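Data first, discussion second: the structure below is written as structure tokens.
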Amino acid sequence: MNATWLNALRQRGSACWRQRSPREQQALRRLAAVLAVAIAAQLLWLLDTARREQARRLPVLAAEAARVAALGAAWREIGEAPPPPRADVVERALAPRLGELGADVVGRWQGDGSLSLSGYVEPARWLRWSAAMQQEYRLHLARCQVHGEGGRIRIEAVYRSGNGAR
């Protein structure tokens, strides 16, 4: 049925074309050529616009891809980090390190595995010690009161382990 319908359409188109004078046929050919050129120009313009838009977005997408790759690498690094040391290991390792703060600072281990510090210390020494404890043993400052007195400070601080268990 489709073949007969297609043949009928061809025959009607051919008959319609033959009914036109040679001058009309020439004008219709020119009109078809103008339409084909206009459609081709529109298509090329759309393709060029899309290419320019993609070229404009490419640096942004490349920067985003680099950022995602960096975040992925950081995430993998976090996942590969060793677990925090056990509380008893941290207690033994920190016993000699408490002396770095000076004789005026007293450290006591609490029943929940937290370390309580109190005493007088130089601010820079205390900050360096706190940073080292966080990096080496994952001890985080949970609570802190600082009072300045001269070139030293009085601290009342509580550190908790990163593993949260004793």
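The values are calculated or read from the model by the stated rules, or taken from the named source; none is laboratory data. None of the values given here were measured: they were computed from a predicted structure. For neighbour counting, all protein chains shown are included, and Cβ atoms are generated from backbone atoms with ideal geometry for every residue, glycine included.
Any idea which residue in the stretch 136-166 is modelled with the lowest pLDDT, counting only those that are assigned to a strand (DSSP E or B) and of a type in the set (S, T, N, Q)?
Applying the first criterion (assigned to a strand (DSSP E or B)) to the stretch 136-166 yields 139-149, 152-161.
Checking which are of a type in the set (S, T, N, Q) leaves us with 145, 161.
Details: Gln145: 92, Ser161: 80.
The residue in question is Ser161.
One line per residue, one yes/no per condition, for (1) surrounded by 15 or more Cβ atoms within 10 Å (Cβ to Cβ); (2) modelled with pLDDT under 90; (3) of a type outside the set (Gly, Ala, Ser); (4) not in a helix (DSSP H, G or I):
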{"residue": "Val90", "(1), (2), (3), (4)": "yes, yes, yes, no"}
{"residue": "Ala93", "(1), (2), (3), (4)": "no, yes, no, no"}
{"residue": "Pro96", "(1), (2), (3), (4)": "no, yes, yes, no"}
{"residue": "Gly99", "(1), (2), (3), (4)": "no, yes, no, no"}
{"residue": "Gly111", "(1), (2), (3), (4)": "no, yes, no, yes"}
{"residue": "Tyr120", "(1), (2), (3), (4)": "yes, no, yes, yes"}
{"residue": "Gln134", "(1), (2), (3), (4)": "no, yes, yes, no"}
